[in-house]
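Participant: Handing you a structure now.
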Amino acid sequence: MPPPRSGRDRISQLLVEIRGDLTQTEAAARSGLSQGSISKAEHGQRTPLPDVAERYARALKATAAQRTELVKLCRAIADLTVTRQTRIVRKGADAQRRILAVEEQCREIRSWQAEIVPGLMQSWSYTLAVIEREPDEAWAQARRARLALLDDQDRTVMQLLPEGVLRMVIGSKAVMREQLEHLIELSRRPNVRLGVLPHGRPVPPLPPSFHLYGDRMATNETIVGTAFLDERVDIDRHRHWFDRLDQAAIYDSDARAVLHDIRAAHKD
């Protein structure tokens, strides 16, 4: 069996392992769940609630390690699930941890930022200028964990932003020069694709900032916190807008040329 690509994929894999040689009908008889529910869970169409997952694992005599991992993964999915409503997470460290949980479950992260440099691409001095305070340790640890995702060569990170964001002075011109250097360095990584919407080229109407985590989740930043959405219609709408912006962006050496020009413009 190939390695799992996400938390939901691993849940499906674990459920199949736990069922072992039993048929789904036999597993249903032992656990009290329906055969249809087991089938949907094994195919990733439905994630069991944590307590249901634990009862199922115990009924089928899963190992302690299997049961612990299954319940932990199901709890992480349950914490992030939003059904027919938008969940706004207001506390900074909580939002960072929830975003990290989503990012760890997908192999492709796509972001559009209309106001600031995307969080995964920020230098630390730029981050401090954006949040306008010295962060507490919980927030700082959560942010460092997220930035470490860039070192995973199996994860693709696509980031789009307009040229105007890079010309704004956040913090100071020295902060901006450091940020531009950081972006130039990141743009050379094989798993990072940094796009710039330059001045003077036709672009679609620019939507508010958003992030896409594979086909699992979309998030929007609001004044009061981070909104998490997992309804298919919402995710598809965000993907449509990202594709439109992607077509208007420049990449690689063309993008780096713009970044170098903007860095030179941020002189003291």
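The values are calculated or read from the model by the stated rules, or taken from the named source; none is laboratory data. In this text the structure is predicted, and so the values were computed from the model without any measurement. Please note: Cβ atoms are built from the backbone with ideal geometry, for glycine as well, and neighbour counts cover all protein chains shown.
To keep it simple, each residue is scored yes or no on (1) in a loop (DSSP other than H, G, I, E, B); (2) of a type in the set (Asp, Glu); (3) over 27 Å from PRO198 (Cβ atoms); (4) assigned by TED's automatic domain parsing to the domain that holds GLU104.
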position	(1), (2), (3), (4)
ALA142	no, no, yes, yes
LEU147	no, no, no, yes
LEU150	no, no, no, yes
GLN153	yes, no, yes, yes
VAL157	no, no, no, yes
LEU160	no, no, no, yes
GLY164	no, no, no, yes
VAL169	yes, no, no, yes
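Participant: Right, next: Quick test of your reading of the structure: ALA174 fulfils all but one of (1) closer than 17 Å to VAL117 by Cα; (2) of a type in the set (Gly, Ala, Ser); (3) surrounded by 17 or more Cβ atoms within 10 Å (Cβ to Cβ). Name the failing condition by number.
Facilitator: In the conditions (1) closer than 17 Å to VAL117 by Cα; (2) of a type in the set (Gly, Ala, Ser); (3) surrounded by 17 or more Cβ atoms within 10 Å (Cβ to Cβ), ALA174 misses (3) alone.
Participant: Report yes if some residue within the stretch 243-255 is among the β-branched types (Val, Ile, Thr), in the same structural domain as LEU186 (by TED's automatic domain parsing) and buried (at least 18 other Cβ atoms within 10 Å of the Cβ); otherwise report no.
Facilitator: Within the stretch 243-255 (the criterion being among the β-branched types (Val, Ile, Thr), in the same structural domain as LEU186 (by TED's automatic domain parsing) and buried (at least 18 other Cβ atoms within 10 Å of the Cβ)), the answer is no, since none of the residues qualifies.
Participant: Determine whether TYR213 is touching a Cys at 6+ places or on another chain (Cβ under 7 Å) and either of a type in the set (A, V, I, L, M) or in contact (Cβ under 8 Å) with a residue 12 or more places away in the chain (or both).
Facilitator: So TYR213 passes the test.
Participant: Here's another thing I want to ask about it. Quick check on the stretch 230-268: of everything there that is farther than 30 Å from GLY171 by Cβ and acidic (Asp, Glu), which residue is nearest to the chain's Cα centre (by Cα)?
Facilitator: So the first thing to find is which residues in the stretch 230-268 are farther than 30 Å from GLY171 by Cβ, and the list is 230-237, 239-240, 243-244, 247.
Of the ones still in play, those that are also acidic (Asp, Glu) are 230-231, 234, 236, 243.
Values: ASP230: 12, GLU231: 15, ASP234: 15, ASP236: 15, ASP243: 17 Å.
This residue is ASP230.
Participant: Looking at ARG55, ARG98, ARG107, ARG46 in this structure, which one is touching a strand residue (DSSP E or B) at 6+ places or on another chain (Cβ under 7 Å) and either at pLDDT 85 or above or not assigned by TED's automatic domain parsing to the domain that holds HIS182 (or both)? Walk me through how you get there before you give the answer.
Facilitator: Values: ARG55 fails: touching a strand residue (DSSP E or B) at 6+ places or on another chain (Cβ under 7 Å); ARG98 fails: either at pLDDT 85 or above or not assigned by TED's automatic domain parsing to the domain that holds HIS182 (or both); ARG46 fails: touching a strand residue (DSSP E or B) at 6+ places or on another chain (Cβ under 7 Å).
Matching residue, one of ARG55, ARG98, ARG107, ARG46: ARG107.
Participant: For residues that are outside any helix (DSSP H, G or I) and of a type in the set (A, V, I, L, M, F, W, C), scanning just the stretch 44-73, find the one that is surrounded by the fewest Cβ atoms within 10 Å (Cβ to Cβ).
Facilitator: LEU49
Participant: Another one. Go through (1) under 27 Å from LYS267 (Cα atoms); (2) surrounded by 15 or more Cβ atoms within 10 Å (Cβ to Cβ) for ARG216 and report which single condition fails.
Facilitator: With respect to (1) under 27 Å from LYS267 (Cα atoms); (2) surrounded by 15 or more Cβ atoms within 10 Å (Cβ to Cβ), ARG216 is out only on (1).
Participant: Something else about it: ILE223 passes all but one of (1) closer than 24 Å to ILE131 by Cα; (2) crowded, with 17+ Cβ neighbours inside 10 Å; which number fails?
Facilitator: In the conditions (1) closer than 24 Å to ILE131 by Cα; (2) crowded, with 17+ Cβ neighbours inside 10 Å, ILE223 misses (2) alone.
Participant: Sticking with this structure for a sec: Looking at GLN159, GLN179, GLN141 in this structure, which one is in contact with a strand residue (DSSP E or B) (Cβ under 9 Å, 6 or more places away or on another chain) and either β-branched (Val, Ile, Thr) or farther than 20 Å from ILE223 by Cα (or both)?
Facilitator: GLN159
Participant: To continue, here is another question. When you go through (1) surrounded by fewer than 18 Cβ atoms within 10 Å (Cβ to Cβ); (2) touching an Asp or Glu at 6+ places or on another chain (Cβ under 8 Å); (3) in a helix (DSSP H, G or I) one by one for GLY36, which number turns out not to apply?
Facilitator: (2) is the only condition that GLY36 fails.
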